[in-house]
Every structure is written in C-alpha cells, then in structure tokens.
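Just so it is clear, none of the values below were taken in a lab; they were calculated from the coordinates. All figures in this text were calculated on a predicted structure; none of them were measured in a lab. With ideal geometry, Cβ positions are generated from the backbone for all residues, glycine too; neighbour counts draw on all protein chains shown.
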Amino acid sequence: MKLENKQIKKIFIIDLSFWILPVFTTIFVLFIDINNKFSKDIIDNIAMSNFTKILINNFLVYVAIILVGLINNKLPYILFYYNSIMYSGIALIFMEHYGVVSCIIRTIPHGMTEILGLSIATYIGINIKNIQIKNKKYLFFLGTILIFISALIESFVIFFFKWKLK
C-alpha cells in the first residue's frame, strides 16, 4: 500500500502540531506562578511504569483516538491535543525537577515514535469513513508497531537513562 503525498502531508502536519502546542503551553505556564508544592507532589507520585502498563495505556489512547472518529471526525483532534497539553504539563514539571537536558533525553527517544503513532491514529480517526479498508489496516498496523516500539523504548531505554542521569 502506498500512501499518497496528501495523506503523508496530513500526518506530518498532525505530528508537527503536537510538538508546537506544548511550546505555547509552556510559554503560558511560565508566565503564571506554578505552586511548587503542587508540582513536587506530582513528581513524587510519578513513577516509571513497567512495559505492560505503558503499552496498554498508549494502545488504549491510540484506539480511543481512532474510535471517536466514528462519532465525529473532529473528536480525534481533541483527544490528540489533550494528550499534547498533558505532555507539556508533565514535561514542565520534569524540567523543573530534573533540568531541561535530562527531560529531553527522557522524552525524545520514545516521544518521536509514540507521537507519530498517535498522529497516524488521529489521521485514521478523522478520515475513518473515507479511508479504504486496505489502507486502514495498513495504517492501523503501522501505528500499532510504532506504539509498541515506543513502549519498549520508554520502559527499557528511558529506565536506563533515569538511573544514569540522577
């Protein structure tokens, strides 16, 4: 199955928009006072999950983004951008606690594949009624593989960096 340039362009724009939205959210949050006790409590409660928990969580988000497209083709955008806002909030807290470089090292390796997978899910969700069955299966499989790879990276590679960077 060959994706058309128009399809690839849409997936790229969705993927790029995920990374741009946290920049705006970060700028907004930096201008308001973040309660330090609140952010420290969140950091204390955030722990690296094991592979199964990460995979199940990411896959459920992946499937949810696709399925809400059956209700309305704009809803996948809402779920996708909700994840973007949550990501930026957690990233800000991690940056405050660990520093920018450490946060980037802990995020980028799995973030690239995970967000590309979620971008594919968003594309499927917004076009679920228009994509041919063969293309849906191919895109779904491709996105699932990306989500699986990102869970592996987040569970094992990031875990290595976690104790190495302390």
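What number comes out for the charge environment of T107, summing +1 per Lys or Arg and -1 per Asp or Glu over other residues with Cβ under 11 Å away?
Here the charged neighbours net out to -1.
Strictly over 19 Å apart at the Cα level, which of K53/K74; K53/K129; K10/K74; K6/K136; K74/K134 would you flag in this model?
From the list (K53/K74; K53/K129; K10/K74; K6/K136; K74/K134), the Cα-Cα distance tops 19 Å for K53/K74; K53/K129; K74/K134.
Using the Cα centre of region 65-166 as the reference point, and only Cβ charges (+1 on K/R, -1 on D/E), how large is the resulting charge dipole? Debye, rounded to the nearest 20.
Result for region 65-166 is approximately 260 debye, rounded to the nearest 20.
Positive end of the charge dipole of region 65-166 (Lys, Arg +1 and Asp, Glu -1 on Cβ, about the Cα centre): tell me which of S88, I153, N72 has its Cα farthest that way.
After comparing all options, I get N72.
Could you compute the net charge surrounding I147? Neighbours are other residues with a C-beta less than 13 Å from the C-beta of I147; K and R count +1, D and E count -1.
My count for the surroundings of I147 gives -2.
Kindly rank 90-96, 127-133, 69-75 from highest to lowest mean number of other beta carbons found within 10 Å of each residue.
Listed from highest to lowest mean packing, they are 90-96, 69-75, 127-133.
With a/c under 1.5 counting as rounded, go ahead and sort region 65-166 into rounded, prolate or oblate using the C-alpha gyration tensor (a ≥ b ≥ c being the square roots of the eigenvalues; past the cut-off, prolate if a/b is larger than b/c, else oblate).
It comes out oblate by the Cα gyration axes.
Between beta-carbons, use under 12 Å as the cut-off and find the net charge around G69, counting Lys and Arg +1, Asp and Glu -1.
Computed value for this residue: +3.
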